């Protein structure tokens, strides 16, 4: 029942525009972050890493005039009701974003492994990824591959849904962005405490410091910060004591951004 409610909540967020606003907000943040370091005007050559079934950032980047490629296992050609449903959702999403249907074209979408990228060395100005790194099993390999395909002076902008945040367990009941309401009979930070709720997706459970260290091995870190906070109002003294191994920053950061540059 909770899964059904989660899908209903997600669908409603597509309809009411909150998902659209969220994606545009992140795209605007990214543009502000990368602008001082990428002076070329569009088209930049951009890789949307793990673009997802709905691929909103792929569409937004194409709509901005960039030459965009996407890679994801989700790009595998499929048939059936699920593929049809995602097709309708993509059309609706694109329309909600105020873009033309041509922005949703699939000509540069690649089905592949993000840890073994099928692209030439030094071939992209920008690699971007939103809410995907927390699912990668081989994070170190992915970061190494990003460095390989970026041009000298190119940048990576990644936004990670931290496992340590209140919604970091990716339970479908907690689809609100940012999380402001906890459904009945669900304990906040359950995935860090009792783990009574099942995980519906693969999660590597990495912490903020691990991601930063992985990128710092290969890149100059230009900035790292929390883009979206959630859960401060749920962090009672009792929960804070129970989760004392985690910092307050970790526990309340729902979207963690790393901006990193490959050496010129």
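Values quoted throughout were computed directly from the atomic coordinates according to the rules given, and no laboratory measurement underlies them. What you see is a predicted model; the values in this text were computed from it and never measured. Cβ coordinates were reconstructed from backbone atoms using ideal geometry, including for glycine residues, and neighbour counts include every protein chain displayed.
For region 114-191, the spread of Cα coordinates along the three principal axes comes to 50, 20, 16 Å, biggest extent given first. Ordered by the count of other Cβ atoms within 10 Å of each Cβ, fewest first, 20, 195 give 195, 20. Based on alpha-carbon atoms, the Kirkwood radius and the radius of gyration of region 165-221 give Rg/Rh equal to 1.08.
May I ask for the percentage of alpha-carbon pairs in region 107-264 that lie more than 26 Å from each other? Cα-Cα pairs of region 107-264 separated by over 26 Å account for 32 percent. Listed from fewest to most Cβ neighbours within 10 Å, the set 25, 170, 218, 191 follows the order 25, 218, 170, 191.
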